[in-house]
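Structure first, commentary second.
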Amino acid sequence: MPEQQTAEGRTGPAEEVADFLRLRREQIAQRWADAAVFRTVFTVSRDEAVEAGRAVVEALAAVAASGRVEDSEADGFTVVREQLARTAHSRARAGATMGQISSEMDALRAPVTDLLLDELSDGSAEHRRECATALAVLMGTLRLVMLETTTISGQELINRQRLEMLEIATPVIKLWEGIVAVPLIGTLDSARSQVVMETLLDAVVEQHARIAILDITGVPTVDSLVAQHLMKTVAAARLMGAECIVSGIRPAIAQTIVHLGIDLSSVLTRASLADALAYALQQQGAHIVPNPAAPEPR
């Protein structure tokens, strides 16, 4: 609830802080422009840092005027959350830790407090203390909002990097004209299986592939969930007009599939990637013959 006027008609501490912030907005923004949290983000022009500072001061004034100085969800913070998120993202990419960002936000309080105390120099000690306390709480809430946006920004960055790693770990290789292959290494979960499907289907379209090979030689185990993902990928490839072959089924994996009662009868399988490629080439009309001059494998 907004601060109510006192019996003497004087406004409450939070509303007085709001008036002070509006009055001294430019001075505060100028001082904040040299603070680390703004200076290290807005490196092209100091005016950009000043403008960002103004926006934050205006948000603080709106929150103080509403009397919700302890509420990080106060409407006044809405307009600067995007700005704080960009700032937090930039600091995080620069290697700043949560502790460093927290300290940088805490450093913004002193310049504002000094201006406030100068503004209230003629007031009573009690009144100055009340206003300084309201400002301290408000700045603490601002720091909390910044840390919340930092956490969200960091999680979004982690999610993007994870997706990029999944894409890198799922390459599509063009083996021959009309033949593509996806060598899978490591554990398959739902997220990675989705990436495998999307990557393979994109390659089928781009390469005009008629045959796609899913090689699971590097997949350590196959359970019912993995088998389900493989079958969905095979079905999706067929809908795109490509025949899908699953290769690299080792004896241990074959036994596991049998014990689990998984029916892969509708899926074309080959023991190795070489066997799958030979089959694919034959389907393309190529005739595969052994090379008699090739050295015996050691």
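Values quoted throughout were computed directly from the atomic coordinates according to the rules given, and no laboratory measurement underlies them. This one's a predicted model, so the numbers in the text were calculated from it and none came from an experiment. Here the Cβ is made from the backbone with ideal geometry for all residues, glycine too, and neighbour counts use every protein chain on show.
Shown is the FRET efficiency for Thr97 and Asp71, computed with R0 = 22 Å from the Cβ-Cβ distance and rounded to the nearest 0.05: 0.25. Helices that extend 18 Å or more along their long axis by alpha-carbon positions and average at least -0.5 on the Kyte-Doolittle scale are, among the DSSP H runs of the chain, 46-66, 125-168, 190-207, 224-239. With R₀ fixed at 22 Å, the C-beta to C-beta distance from Arg46 to Glu156 puts the FRET efficiency at about 0.15. Compared with the direct C-alpha span, the chain from Asp34 to Arg109 gains 25.7 nm at full extension, assuming 0.36 nm per residue.
Ordered by the count of other Cβ atoms within 10 Å of each Cβ, fewest first, Leu147, Leu138 give Leu147, Leu138. The relative contact order of the chain, computed from alpha carbon pairs under 8 Å that lie at least 6 residues apart in sequence, is 12 percent.
Quick check: convex hull of the Cα atoms in the chain, volume per residue, rounded to a whole Å³? The partial results should precede the final answer.
Numbers: hull volume 64.9 nm³, N = 298.
Cα-based convex hull of the chain, divided per residue, equals 218 Å³.
Largest GNM mean-square fluctuation across Ile101, Ile253, Ile152, computed for the chain with C-alpha springs under 10 Å, falls on Ile253.
Put in line by how crowded their Cβ is, counting other Cβ atoms within 10 Å and starting with the fewest, Ser265, Ser66, Ser224 read Ser265, Ser224, Ser66.
Per the Kirkwood formula applied to alpha carbons, segment 13-162 shows a radius of gyration over Rh ratio, Rg over Rh, of 0.99.
Seen from all directions on average, segment 84-163 presents a Cα convex hull projection of 5.5 nm².
Given springs between every Cα pair under 10 Å in a Gaussian network model of the chain, which of His127, His89, His287 has the largest fluctuation? Taking springs between Cα atoms under 10 Å, the residue moving most is His287. Other residues whose C-beta falls under 9 angstrom from the C-beta of Val37 contribute a net charge of +1, scoring Lys and Arg +1 and Asp and Glu -1. Of the residues Val56, Val182, Val258, which exhibits the maximal mean-square fluctuation in a Gaussian network model of the chain defined by a 10 Å Cα contact cut-off? Among Val56, Val182, Val258, the largest GNM mean-square fluctuation belongs to Val258. Site pair His127 and Leu260 shows an inter-label distance of 7.6 nm when each label is modelled 7 Å from Cα along Cα→Cβ.
What would the Debye formula give as log10 I(q)/I(0) at q = 0.17, 0.21, 0.23 Å⁻¹ for the alpha-carbon point model of segment 173-283, no solvent? Relative scattering, expressed as log10 I(q)/I(0), comes to -0.74, -1.15, -1.38.
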